[in-house]
1. Take Phe149, Phe163 and sort them by solvent-accessible surface of the protein heavy atoms, 1.4 Å probe, largest at the top.
2. Per 0.36 nm of contour for each residue apart, how much would the distance between Glu146 and Thr117 grow if the chain were fully extended, relative to their Cα-Cα spacing?
3. So how much accessible area does Met173 have, in Å² to the nearest 10, using a 1.4 Å probe?
4. Do you know the relative contact order of the stretch 68-190, to the nearest whole percent, from alpha carbon pairs under 8 angstrom that are 6+ apart?
5. Sort largest first and round to whole Å: the equivalent ellipsoid semi-axes of the chain, each the square root of five times a Cα gyration tensor eigenvalue.
6. Please compute the volume of the convex hull spanned by the alpha-carbon atoms of the stretch 79-175 and report it per residue in Å³.
7. With viscosity set to 1.567 mPa s at 4 °C, what whole-number translational diffusion coefficient in µm²/s follows for the stretch 1-45 from Stokes-Einstein and a Kirkwood radius over Cα pairs?
8. Compute a Gaussian network model of the chain, connecting alpha carbons closer than 10 Å, and tell me which residue from Ala172, Ala140, Ala44 fluctuates the most.
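The values are calculated or read from the model by the stated rules, or taken from the named source; none is laboratory data. Treat the numbers as computed from the prediction; the structure is a model and nothing was measured. When we count neighbours, we look across all protein chains shown, and the Cβ atoms used for this are built from the backbone with ideal geometry, even at glycine. The area values use the complete protein model at the heavy-atom level, side chains included, leaving out ligands, DNA and RNA. Shrake-Rupley method; radii C 1.70, N 1.55, O 1.52, S 1.80 Å.
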Amino acid sequence: MKLILLGPPGSGKGTQASLLGKKYNIPHLSTGDILRSKLNDKDALAMKLSEIMSSGNLVPDSILNPIVTEKLLSEDCKNGFILDGFPRNKSQSDFLLEFLEIKQIELNLIVNFTANTDTIKNRILERSKTENRSDDNIKAIETRLEKYFTETQPLADIFKDKFKGKFFEINAMQEISKIHYEIENRLKNA
Ligand code: AMP
């Protein structure tokens, strides 16, 4: 089962990825989580990442691309993966599509989460009360949303075009269980 989840920050991709990962026993590859785990290293890279991420900006492709390909080629991902948070811009998307083609990795489903901006902002602010994320402040949220709308959202059309029958759009403002159910249903036919 090989999936890519697209959608804005705060749209619940992580929650759904984690549910699906447990159900199908496949890794949830969240680039945000991978980067956050690197912050603990407290080295020069961690300092650079921390500065970029706490402002809500995107980490350079030169850092992300090798991390993602290494993970995708790992033994853990042999039977599948759920990619969450990548690609985030056109160059990551070009890079990933070429990589998948070269390695002959077939995707089963691309899920595009959609939600309105107010819902997303509220969700992220709510989350900030329980998770100690440095980028869950209003200024960083605005930047992350701006990056999403200018750089990430346009990728949906590229995936929709390229993976016609495998592209699935979901209304992410519904209940968690309803979203999970709809994705599951779609997966049965993937
Ligand atoms: P997320 O947890 O997916 O919201 O990601 C948190 C932060 O990590 C983002 O705001 C970016 O700074 C960084 N990040 C995660 N994934 C990517 C990516 N594919 N490209 C660039 N930066 C990323």
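1. On the way: Phe149 75, Phe163 35 Å².
Order by accessible area, largest first: Phe149, Phe163.
2. Values: separation 29, 0.36 × 29 = 10.44 nm, distance 1.04 nm.
Length gained between Glu146 and Thr117: 9.4 nm.
3. 90
4. On the way: 78 pairs, mean separation 41.9, N = 123.
Worked out over the stretch 68-190, it gives 34 percent.
5. Details: eigenvalues 116, 85, 51 Å².
Over the Cα atoms of the chain, the ellipsoid semi-axes are 24, 21, 16 Å.
6. On the way: hull volume 13.1 nm³, N = 97.
Convex hull volume per residue, Cα atoms: 136 Å³.
7. Details: Rh = 11.9 Å.
Value of D from the Cα-based Kirkwood radius: 108 µm²/s.
8. Comparing Ala172, Ala140, Ala44 in a Gaussian network model of the chain, the most mobile one is Ala44.
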